[in-house]
Structures are given as structure tokens and as C-alpha cells.
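Engineer: Sending over a structure as C-alpha cells; questions will come in a sec.
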Amino acid sequence: RGGGGLRGRYPGQSRPVKILHIVPVYFPEGPGGIQLHVQDLVRAQAAAGHEPVVLSGSLATRPAPALIEERVDGQRVLRLFRDDLHHLHHARGHHGGASALVRQVYQRERPDLVHVHQWIALSDDLVQQAEELGLPTLVTLHDFLVSCPRCYRQDHRGEPCLRPLSLQACGPCVPRLGDEGPRELELGILCFQRALAAELALARTVWALTPGAVALFERLAGIPAGRIEALPLGYRPHGAPGSRRLSTDPAPGAPLRLAQWGRLGRHKGSEVLLEGFRRLCAQPGLPPVELHLLGPVEPPEHAAELAQRAAGLPVRFHGPFRFEDLERLAPQVACFPTRCLETHGFVLDEARELGLPMAVGDLGAYGERAGSDCLKVNPEDPAAWAAALARLVREPELRRRLAAAAPPPPADPERYGAEVERGYRRALASAARPPLPAAERAELSRLRRELEAAQRASKPWLFARP
């Protein structure tokens, strides 16, 4: 979806460039935006004659930390399993066993480049470990993890949060595992904050996906200006230009189909959309209309709440889907009410390839990338969603006008790949950044030890038994 690749061998390279991509999970787990993006990168880089390898975490655990090698889509995937519970939690970011296995991978594989896409499910010192071994590193910030222990910049009430990362701002709403005292909560935030700030300080190149995301990272995570560069993702269409465009009008006698697709749940605003749709359906004289929701619900236990909100309405949940399923459904309007700060939003590119008008939550990258083909809507306001949907349902000319006003598509993956290649060349040619001061490293190690001791005392069930 957003890949590209290196072209030919680099000056001074007598063999293909070996790139180690690090992701939180990889196929068959997922998929999500990171997995799809890296899959495209890996395919393109392999086609260009290079040697991409994927190092992935896993949602599953093992009795002891373990590393297995698989073939996925014909490419090598090294899958690392941790041995602790809640290993995706912000206060469980560091794991000594996983860190040791990652270092073994670095030493055995000796990649020319290490491209970190995420730390979750692995350990919070991936860049540090690579740079200590002289391996050049790059980081792509696919989400707001480094500025938010909840990852998506939503507070514990589900509302968007634009407060800078700090003990004061994050303490009330960091996810709890149970039985944490004030000092343990404080340690979890401190370790999270300092470890990821250190990773970004050590990486030779750091990319975010939009200029707006760069500005937010600088403000919310206290990242120095100029440390992060904007590198918008490319998009690989599913067909030739114009070949996938759908009609914005339903067939005679058929209901108008609205659709939200991707991941569903509170952070994606699905319940706000359903409440807006309920209010829409209560309006007199409304033409026939349906709402279709395609994709997995996260977390799965939220599915019952969404089903309850949809009770009695012309709503259908489709579950996991492929792009071809979306084409067959042939909706006339796309709805993306996300309530969290996104950094790109491939669904916008897919809707534009399908030629659909959109109603989009005016927040984060969705608000930044929404063009004249979109109605921008307050993602927290069901009444505003009902009003926007009413316009789109009742005004066919508005649908056609919006669909015709789509902005030019984003860079194709080959152009994006050329930008990635320039970043790789620069990283290979650059000197390592200054190491962390010894006092800073010692303090982070001390905080990690104190946090683990607190967790072992309050939650021994988190850890694997010897």
C-alpha cells in the first residue's frame, strides 16, 4: 500500500543491501497499516535485488523468550515471542530476554540497515542495541506511540488528547494492569518517556508521515525541531487509474449505502457514527439508506456494544474483509469518524480510488489530508454526523460534486521508494549520532530495575515462572 524500494546496489556495496525491518506483528497476524506498508516495502526491495528481512514481535507468548524463522510471502520473517503477560502495555516496554534475542539477531544477520517501524511486543531499546553494534538505524513513526502511553492520543474517556507527554498529563489515564501504587505508575511513565526519547535521539533518520504529525510530535513528545522529517507514504492503487470508480448514486429502488471500513471501535469513532446514523434514520421523509461496517472490532469485547447501538437500524457488520469485498458492496459514501490522532489513513486513499465522497472526522491526519472531496465533521458530535450524513443522503449533486473534487493521488510507491532510498543512502553514509551520556543510561537502567521490582511485587502473575 505504501511501499517502494531500493534501485540497484549502492556505491561501495559489493552485494545487495540487507535491510532488517522491525514491526510489532507480521502476517498472518494482523493486518494493520504497518504490516501492509512493510509488506509492500519488502516485496519491492526484494524485486530490486536486495535482501529484506522482517523481525516481528507476536501477540502470542511462549513459556520462555523464543525466536523462530518462517517464510511469509516468500520472504524471511524472524518472529520473536515474549514470555510475559500484557507485553503490549506501555509499562512493559522493556524486556531483557527479548532485548538479548534482538541483539543476537543483529549479530548473526549483520544487516546493513535497521529500519524500526515499532517497538511494541519487542523491547524499547531496538535502536540503542543496533547502534552499539555499528548498525545504521532509521525509524518511521507510524503512530503517536512515542508521545502517548495509550498510543493513539485518546484519554481514558475516549476523547482526543493534545496534552504534552508528562507525569501530570498522563498519570490520570495511563492504562492500569491492577494494584499499581503511585510510584509504580510514575515509574511506568518515566521509563516509557525516557526510553523512546533516547531511541529517537540515537536513530540516524526519523520519519513521520505528514508535516502535521511532525509538528505534533515536536510539541507533544518534546522532540527537538529538525529531528523528525516528513515523508508522506505512497499508495499503490488496486487497479489502473479510474478503473475502480464506483457510482455515487444507488441503483433504482436500492438504498443508499454508507460505509466505514478498516478497524472499528471506540478509537475509530464507530459508536459516534452509529449514534449519528440513528438520529439520521429518525428524520422524516428520509430516502432508503443502509450503513455497512467492514473490519475487525478492537477490542473484540467492544463488538457487543456496537451491536447494541445498531439494534433496530439498517446496519450490517461484515467482519474482516478484502478490498474486493468493498468493491462488491459498492457503497456510495465513505464515513471515517476516527476519534484518535491518526498519522496517515490509507482508507482515505482507498475511498478516493473508488471515487467516493467522504464524511471525515476533523482530527489528526484525517483532518489534515481531507480535501474538497470531504465533509469535515466534529468526531465527538453525533448530531453533527447526523447533519452531514443527511446532506450526503438527500443531495445527490453534493455527492457527485465531492467525488469529482478529489485531490491528486499521493505519491506512487516508486516515488516514495526513491525517497526511502535517499534516506537509506544517507544513513549508510552518516556517522553514528552521539551516544547517550553515561549518567543518562545509568539512570534509565536504574528506573527499569525499580519498575520491574515494583511489578514483581504487585503483580507476580505478569512474569513467567522459572
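Engineer: Per residue, how much accessible surface does the stretch 376-466 expose to a 1.4 Å probe? Answer in Å², no decimals.
Structural biologist: Accessible surface, normalised per residue, equals 56 Å².
Engineer: From the helices alone, meaning DSSP H stretches of at least four residues, give me the mean residue ellipticity at 222 nm for the chain, per-run term -39500 (n - 2.57), in deg cm²/dmol to the nearest 500.
Structural biologist: My calculation for the chain gives -11500 deg cm²/dmol from helical runs alone.
Engineer: I need the shape label for the stretch 171-299. Rule: rounded when a/c is under 1.5, else prolate if a/b > b/c, else oblate, with a, b, c from the alpha carbon gyration tensor.
Structural biologist: Taking the square roots of the gyration eigenvalues as a ≥ b ≥ c, the stretch 171-299 is oblate.
Engineer: Roll a 1.4 Å probe over the protein chains and send me the accessible area per residue for the stretch 207-349 in Å².
Structural biologist: 41
Engineer: Here's another thing I want to ask about it. For the stretch 387-466, what does the alpha-carbon gyration tensor say about shape, rounded, prolate or oblate, given a ≥ b ≥ c as the root eigenvalues, a/c under 1.5 as rounded, and a/b over b/c as prolate?
Structural biologist: Cα axes put the stretch 387-466 in the oblate bin.
Engineer: Follow-up. With only alpha-carbon atoms counted, please give the Rg and Dmax of the stretch 315-423, in Å.
Structural biologist: 15.0, 49
Engineer: Of all accessible surface on the chain at a 1.4 Å probe, what whole percent is carbon and sulfur?
Structural biologist: 55
Engineer: Quick one: compute the contact order of the stretch 329-466, relative version, from alpha carbon pairs under 8 angstrom and 6+ residues apart, as a percent.
Structural biologist: Relative contact order here is 18 percent.
Engineer: Still on this structure, please answer the following. With a/c under 1.5 counting as rounded, go ahead and sort the stretch 236-281 into rounded, prolate or oblate using the C-alpha gyration tensor (a ≥ b ≥ c being the square roots of the eigenvalues; past the cut-off, prolate if a/b is larger than b/c, else oblate).
Structural biologist: oblate
Engineer: Size of the dipole of the stretch 351-419 about the Cα centre, Lys and Arg at +1 and Asp and Glu at -1 on the beta carbon, nothing else charged, in debye to 20?
Structural biologist: Its charge dipole is roughly 340 debye.
Engineer: Defining a contact as two alpha carbons under 8 Å apart and six or more residues distant in sequence, what relative contact order in percent does the chain show?
Structural biologist: 17
Engineer: Using the Cα centre of the chain as the reference point, and only Cβ charges (+1 on K/R, -1 on D/E), how large is the resulting charge dipole? Debye, rounded to the nearest 20.
Structural biologist: Roughly 460 debye, rounded to the nearest 20.
The values are calculated or read from the model by the stated rules, or taken from the named source; none is laboratory data. The model shown is predicted, which means the values in this text are computed figures rather than measured ones. Don't worry about glycine lacking a Cβ; one is built from the backbone with ideal geometry, like all the others, and counts go over all protein chains shown. We work out accessible area using only protein heavy atoms, side chains counted, and drop any ligands, DNA or RNA first. Shrake-Rupley method; radii C 1.70, N 1.55, O 1.52, S 1.80 Å.
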